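See structure below.
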Amino acid sequence: MHWIYLAVAGLFEIGWIFSLKFSEGFTRAVPLIFYAVCGLGAAFFLSQSLKHLPVGLAYAVWTGTAIVGSNVIAILFLGEPANLSRIAYILMIIGGVAGLRLST
């Protein structure tokens with residue numbers, strides 16, 4: 001269950017970063033509300049996962065999920081470039097997080 005909490009925390013973190021982008025400097029109300037909900041959701045579910053997972057591993061998975069997820073969404077839906085170096089670095093993040101998981 002703690003891995004599910006961590007996955008949900010990562011999804012909330014992805015929602016948090018995109019709501020921050022769409023709030024246009026905290027000038028739009030709906031994205032700002034979404035920002036607060038996602039931020040609280042991310043913190044809550046991360047805290048639940050930390051009851052059973054090592055903090056370093058949980059934090060790496062949480063931030064790695066957010067980094068990879070936000071980049072994939074930005075490439076697919078916001079027209080950001082998907083060049084070879086960007087894809088390679090995303091794969092390095094995935095490899096680094098997987099390596100941490102295997103070492104704990």
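Results, tabulated for the structure shown:
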read-out	value
Qualifying residues in the stretch 1-44 (those that are aromatic (F, W, Y), in a helix (DSSP H, G or I) and out of contact with any Gly (no Cβ under 7 Å at 6 or more places or on another chain)) - the one nearest to V72 (Cα to Cα)	F18
Pairs with Cβ under 9 Å, 6+ apart, first in the stretch 85-104 and without any contact (Cβ under 8 Å) to a residue 24 or more places away in the chain, second surrounded by 11 or more Cβ atoms within 10 Å (Cβ to Cβ) and not in a helix (DSSP H, G or I)	R86/E80
A36, sole failed condition from (1) surrounded by 15 or more Cβ atoms within 10 Å (Cβ to Cβ); (2) of a type in the set (G, A, S); (3) modelled with pLDDT of 95 or more	(1)
Members of the stretch 45-66 found to be part of a helix (DSSP H, G or I) and without any contact (Cβ under 8 Å) to a residue 24 or more places away in the chain, listed by number	S47, V55, Y59
Tally of residues being among the small types (G, A, S) and either buried (at least 16 other Cβ atoms within 10 Å of the Cβ) or closer than 20 Å to V8 by Cα (or both) across the stretch 62-95	5
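The values are calculated or read from the model by the stated rules, or taken from the named source; none is laboratory data. Note that the structure is a prediction, hence the values are computed from the model and not measured. Heads up, the Cβs are rebuilt from the backbone with ideal geometry, glycines too, and the neighbour counts pull from every protein chain shown.
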